[in-house]
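Q: One structure coming up, written as structure tokens, with questions to follow.
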Amino acid sequence: MKRFIQSAFLAVSVALSAPALAASDYPTNELMGGEAFGHSVKHIGNDIYVFRWWVYRNFFIVTDEGVIATDPMNPKAASLLKEEIARITDKPIRYVLYSHNHHDHISGGVVLDDEGVEFIGHENVAKELTDHPNPTLPAPDITFSDRYSVELGGRRVDLEYYGPNHGDSLAIMRLPEEKIIFVVDIVTPRRVAFRIMPDFWPDEWVRTLKEIEATDFDYVISGHGPETEPAIEPASVVREQREYIEDLMAAVKAEMDAGTHSPDALQKKVRLPKYENWRSYDAWLPMNVERIWAFYHMGW
């Protein structure tokens with residue numbers, strides 16, 4: 001039976017929080033590693049592991065009572081994730097946490113759906129999966145509207161909903177004792193926004209990042225990143241991502257106010273040299289510009 005939880009933090013089980021590593025112990029300068037189109041695993045400390053498949057990331061926590069896993073990505077990646085977890089521990093996966101409804105991050109959960117596994121996601125994930133079902137993607141067993149807290153074997157992960165930003169079901173995952181957050185899609189360090197920003201609302205994106213910045217965290221695990229980027233980043237990457245979106249919006253608006261209304265012309269005129277060393281700048285900046293043109297021109 002599906003369970004619906006309204007707002008507030010609720011615990012899946014009662015346990016004491018494990019002691020966190022000192023902030024300086026997290027390996028922010030260690031690259032994720034592995035083959036570009038393969039997968040890799042990085043232990044960042046405190047029995048927390050970052051798993052990479054291609055340019056997708058998730059994390060899992062190993063406890064004495066079982067494993068808390070996150071975004072399965074797809075059946076192939078989920079199979080590799082399951083194998084890597086089995087190399088580390090013989091404890092079962094107990095929970096799989098969904099970041100949001102997009103299939104490129106959360107499909108493949110059927111591979112992890114063994115006896116006793118519970119899937120957790122925002123209530124809008126369940127709604128979207130009703131509207132757009134995927135046979136590889138189990139619906140959440142537990143849903144929430146605002147916040148939810150998972151506790152297992154002395155470890156805790158909080159899921160927090162900040163309203164619409166990238167879709168309307170995105171949850172930030174927080175490890176409060178370790179002061180680490182897992183952020184999918186709305187923070188990708190040192191990379192411009194993805195192509196035409198599908199399912200992004202630029203103004204809500206900025207609002208959400210500001211609200212996250214006001215919370216207590218020191219480190220970020222992002223849902224995207226190639227093997228050449230660190231597994232965990234300092235908190236400053238949230239601010240840097242916000243500033244990029246704000247600078248992009250300001251530059252497009254200024255050019256439109258100056259009389260340029262053609263998206264083709266805007267793509268050629270708007271340049272952001274501050275970010276020219278960010279990944280995908282040349283290929284995706286023009287598409288980012290067109291998305292912001294649509295925001296101002298169409299209200300979309």
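The values are calculated or read from the model by the stated rules, or taken from the named source; none is laboratory data. Keep in mind that what you see is a predicted model, and the values were worked out from it rather than measured. No Cβ is skipped: glycine too gets one built from the backbone with ideal geometry, and neighbour counts run over all protein chains shown. When the accessible area is computed, the model is the full protein with side chains, heavy atoms only, and any ligands, DNA or RNA have been set aside. Shrake-Rupley method; radii C 1.70, N 1.55, O 1.52, S 1.80 Å.
Q: If each of D131 and A250 carries a label point 7 Å out from its Cα toward its Cβ, how far apart are those two points in nm?
A: Computed distance between label sites D131 and A250 equals 3.5 nm.
Q: On to the next question. Among the DSSP beta bridges whose two residues both lie in segment 20-160, what percent are antiparallel, rounded to the nearest 5? List each step's numbers first, then the result.
A: Numbers: 22 of 33 bridges.
Restricted to segment 20-160, the bridges split so that about 65 percent are antiparallel.
Q: For T89 and D257 in one chain, what is 0.36 nm times their gap in residues minus the Cα-Cα distance, to one decimal in nm? Provide the component values of the computation, followed by the final result.
A: Values: separation 168, 0.36 × 168 = 60.48 nm, distance 5.86 nm.
Length difference between fully extended and current span is 54.6 nm.
Q: May I pose another question? Where the centre of each part is set by its Cα atoms, how far does segment 57-129 sit from segment 145-206, in angstrom?
A: With segment 57-129 and segment 145-206 each reduced to a Cα centre, they are spaced 16 Å.
Q: Would you list W205, W278 from the most to the least accessible area, probe 1.4 Å?
A: Values: W205 5, W278 40 Å².
From most accessible down to least: W278, W205.
Q: Run through the DSSP bridge list for the chain and note the antiparallel percent, rounded to the nearest 5. Working shown, then result.
A: Details: 35 of 55 bridges.
That works out to approximately 65 percent antiparallel.
Q: Arrange the residues S107, S79 by how much accessible surface each exposes, largest first, with a 1.4 angstrom probe. Working shown, then result.
A: Details: S107 10, S79 45 Å².
From most accessible down to least: S79, S107.
Q: What length, rounded to one decimal in nm, is gained on full extension from A294 through to E30, with 0.36 nm per residue of separation minus their alpha-carbon distance? Provide the component values of the computation, followed by the final result.
A: Values: separation 264, 0.36 × 264 = 95.04 nm, distance 3.87 nm.
Net length gain for the segment: 91.2 nm.
Q: Here's another thing I want to ask about it. List every residue whose amide H lies under 5 Å from the amide H of S107, counting only residues 5 or more places away in sequence or on a different chain, with H placed 1.01 Å from N in the peptide plane.
A: Counting only residues 5 or more places away or on other chains, the set is M73.
Q: Given the Cα-Cα distance of E177 and E240 and 0.36 nm per residue of separation, how much length would full extension add, in nm? Provide the component values of the computation, followed by the final result.
A: Working: separation 63, 0.36 × 63 = 22.68 nm, distance 2.41 nm.
Stretched out fully, the E177 to E240 stretch lengthens by 20.3 nm.
Q: Using a 1.4 Å probe over the heavy atoms of the protein chains, calculate the carbon and sulfur portion of the accessible area of segment 150-206 as a whole percent.
A: On the way: 730 of 1440 Å².
It is 51 percent, rounded to a whole number.
Q: Counting only Cα atoms, I'd like the Rg/Rh figure for the chain, Kirkwood definition for Rh.
A: 0.98
Q: Moving on. With the other protein chains left in place, how much accessible area per residue, in square angstrom, belongs to segment 143-202 at a 1.4 angstrom probe? It would help to have the intermediate numbers written out before the result.
A: Numbers: 1510 Å² over 60 residues.
Per residue, segment 143-202 has 25 Å² of solvent-accessible surface.
Q: Oh, and also: Rolling a 1.4 angstrom probe over the protein heavy atoms, how many square angstrom per residue are accessible across segment 45-134? Walk me through the numbers on the way to the answer.
A: Numbers: 3350 Å² over 90 residues.
Dividing the accessible area of segment 45-134 by its residue count gives 37 Å².
Q: What residues have an amide H closer than 5 Å to that of T63, excluding those fewer than 5 places away on the same chain, when H is modeled at 1.01 Å from N in the peptide plane?
A: Excluding prolines and chain starts, which carry no amide H, the hits are I68.
Q: Something else about it: Give a quick list of GluC sites (Glu not before Pro) in segment 230-288 that DSSP marks as loop, anything other than H, G, I, E or B, with at most 14 other Cβ atoms within 10 Å. Don't skip to the end; give the middle numbers.
A: Working: sites: E240, E243, E246, E255, E276; in loops: E276.
Hits after loop and neighbour filter: E276.
Q: Using the heavy atoms of the protein chains alone and a 1.4 angstrom probe, what is the accessible area of segment 215-300 per residue in square angstrom?
A: Working: 3890 Å² over 86 residues.
Heavy-atom accessible area per residue stands at 45 Å².
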